[in-house]
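The values are calculated or read from the model by the stated rules, or taken from the named source; none is laboratory data. Because the structure is predicted, anything quoted here is derived from the model rather than measured. Note that we place each Cβ from the backbone using ideal geometry, even for glycine, and neighbour counts take in every protein chain shown.
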């Protein structure tokens, strides 16, 4: 008696190796029908942004190529996932539907509805519907305090994670996938129309290689070169000191446990103290990612509302011109403008600079952090609801383990400290590129002769600061003081 097909529903797990749902489908036997469903309406208030949609197209193309190498293909559909999966079950005669879990509020709710709906609509057939852990090292409910409550401070969360059994070793990709006798109907990838029209993605294409091969290449490069100096180099935007794995992790082109074990193996094979230090800090960053998902799962309102309820009364300012200057990289503060222009050009920004530009928006300009969340969501290729939410609430001081209310990043001193030669600014704000390092982070203080020699005319070739930072800091502290108690 032949075994009926299994539908494997791909979502944010666009890879063939270390994919538990795919692995279990192969173990079950029978044909495997890899499926992707474009369903932005199912994402609630957070359908993929423009930069994320560009990445998604490339990643799906890479996945489809990989599947063809296994003798298979990707079935692409659009519509309500429950309706699509029911239709596929009927067309293919499938008796199993597997997928890997997601943890965002909208996805989590839909998963339960889809599980129930598939069982109800199976027409008497015992449909095998199962989900698997794939995108996290530890599921949100696996880590809790002694009082069975979610953590809201990172350090004890990290210790609790490290006290748990080590994540399992990654699963190898299948060597071959059994094809069904007849493939269900499928759209072409281009039919989804997720790539930008007109095409503005040239900078992203030049910078990134979406897909599993690109993810492995990034990881290998980081293990060879980046991990050695990661403990200190990760804060330097003028250097390639970070892994840049964030978009690959978000789309599931590589799994966190693949990264975890690769870094662990790098440590075990090295006697270099700098490698060990870098690896320890990097693995802590992976656990920070876990912390972000832990918080979003337990506090699903936080993408739009502060975790600390008193911050809902913060006296924000409606400043459209300030918001527009920030978005365009025209604030007059070079490190802020460099970051925002990097974001616009390649869909990514260095993490240290993310903190600087976020602090400038919410504390210098007093513009609501939700405005920053939305802009990052649309422009980042690694736009991840959990990470984005945690980062902005941390900066605004209204979330878990947040920055102290009095922490207002000084964009000048931050630039001088983390971009001491001005190389990062010179790359992304080329009109300041001829200024000496002494003045590149504060061109408004440079002598007229220095400005003239560098071809800088404040207010013409480069804007004067849109706000005085010292005054802005005093204003922010006064506003924050209204929430004390």
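Looking only at segment 231-245, count how many residues are assigned to a helix (DSSP H, G or I) and under 18 Å from residue 348 (Cα atoms).
Final tally of qualifying residues: 1.
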Quiz item: Quick one: in segment 444-463, which of the residues that are out of contact with any helix residue (DSSP H, G or I) (no Cβ under 6 Å at 6 or more places or on another chain) and closer than 24 Å to residue 366 by Cα is surrounded by the fewest Cβ atoms within 10 Å (Cβ to Cβ)?
Solution: 459
Exercise. Would you point out the residue of segment 328-339, among those that are more than 15 Å from residue 435 (Cα to Cα) and in contact with a helix residue (DSSP H, G or I) (Cβ under 6 Å, 6 or more places away or on another chain), that is surrounded by the fewest Cβ atoms within 10 Å (Cβ to Cβ)?
Key: 329
Quiz item: Among 82, 14, 22, which is at pLDDT 95 or above, surrounded by 23 or more Cβ atoms within 10 Å (Cβ to Cβ) and within 30 Å of residue 374 (Cα to Cα)?
Solution: 14
Exercise. For residue 274, work out the one condition from (1) in a loop (DSSP other than H, G, I, E, B); (2) modelled with pLDDT under 95; (3) within 26 Å of residue 423 (Cα to Cα) it doesn't fulfil.
Key: (1)
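So if I check each of 308, 328, which one is over 22 Å from residue 222 (Cα atoms) and without any contact (Cβ under 8 Å) to a residue 24 or more places away in the chain?
Every option except 328 fails the conditions.
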Quiz item: Before we move on, is residue 248 in a helix (DSSP H, G or I), without any contact (Cβ under 8 Å) to a residue 60 or more places away in the chain and surrounded by fewer than 15 Cβ atoms within 10 Å (Cβ to Cβ)?
Solution: no
